[in-house]
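Visitor: This is the structure I have questions about; it appears just below.
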Amino acid sequence: MTIRVLVADDQDIVRAGLCMILDAQPGITVVGEAADGRRAIAMARSLRPDVCLLDIRMPDVDGIEATRQLAGADIADPLAVVVITTFDLDEYVYGALKAGARGFLLKDAGAELLTQAVHAAARGDALIAPNITARLLSSFANSRSRSVPPEPVEPLTPREEQVLLAAARGRTNSEIGDELSISLSTVKTHIAALMRKLNARNRVEIVMWAYETRRIDT
């Protein structure tokens, strides 16, 4: 199945480059381009792409607000959003992920990581650039001004705690399975249970919860 992607970036050269990279990948096609956030929102709602690739800094409506309007907690039919930016700033990452983004990449990530992020978002997983994941999430999670979220009503099992920690450290499902000596289908079952118990919409929110509850040391 071909993954349909909408690309939004206010810089023409950057947008053209992203489109060229994605269109060159087998199984991916760019179905729309936008130069600002408002246009991106309108096109996304009209085209219903499988993945929206949004720049953070765009005129009119920025990428975080566009993400919130397309994938926020109050959106009944959220779209998959991957945020991409030049700026390695803490507040951008946390803001984008809290708004509902399934991925966060820097523009120098390269074609391979960009493609991986699009595929991950399309299948309901998440990908955050490895060089920013732990540092940025942990810095926000351990801010003294940020309250610790409550434990779920239905407690996590010991195995679910293990899967949670492995996911928070950036392990893929296959790596979690190898690490814990369980099958891939069992890993997926635990991830699904974590999402249900934590009321998380995707893998990113599971990881954020692990950091916010201080399960990951910094």
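Visitor: Need the full-extension length gain, Gln25 to Lys107, defined as separation in residues times 0.36 nm minus the C-alpha distance. One decimal, nm. Kindly include the intermediate steps, with their values, before the conclusion.
Guide: Details: separation 82, 0.36 × 82 = 29.52 nm, distance 1.73 nm.
Result: 27.8 nm gained on full extension.
Visitor: Can you compute the charge dipole magnitude of the chain about its Cα centre, using +1 on each Lys and Arg Cβ and -1 on each Asp and Glu Cβ, nothing else charged? Give it in debye, rounded to the nearest 20.
Guide: Rounded to the nearest 20 debye, it is 500 debye.
Visitor: With the full set of protein chains in place, find how many percent of the accessible area of the chain is carbon and sulfur; take the probe as 1.4 Å.
Guide: Numbers: 5300 of 10380 Å².
It is 51 percent, rounded to a whole number.
Visitor: So, for the chain, what is the accessible surface per residue at a probe of 1.4 Å, expressed in square angstrom?
Guide: 48
Visitor: Follow-up question, since we're still on this one. Multiply the residue separation of Arg4 and Asn199 by 0.36 nm, subtract the distance between their alpha-carbon atoms, and state the gained length in nm to one decimal.
Guide: Once the chain is fully extended between Arg4 and Asn199, it gains 67.4 nm.
Visitor: Under the rule of -39500 (n - 2.57) per DSSP H run of 4 or more residues, summed and divided by the residues of the chain, what mean residue ellipticity at 222 nm is obtained, to the nearest 500 deg cm²/dmol? Write out the running numbers ahead of the final one.
Guide: Working: 10 runs with 107 residues, N = 218.
The per-residue figure over the chain is -14500 deg cm²/dmol.
Visitor: Let me ask something else. Based on alpha-carbon positions alone, could you give the equivalent ellipsoid semi-axes of the chain from the gyration tensor, as √(5λ), descending, whole Å? Write out the running numbers ahead of the final one.
Guide: Details: eigenvalues 167, 72, 50 Å².
The three semi-axes for the chain are 29, 19, 16 Å.
The values are calculated or read from the model by the stated rules, or taken from the named source; none is laboratory data. Just so it is clear, the structure is predicted and the values come from calculations on it, not from any experiment. We place every Cβ from the backbone using ideal geometry, glycine too, and count neighbours over all the protein chains shown. For the accessible areas, the whole protein counts, side chains as well, though only heavy atoms, and no ligand, DNA or RNA atoms are used. Shrake-Rupley method; radii C 1.70, N 1.55, O 1.52, S 1.80 Å.
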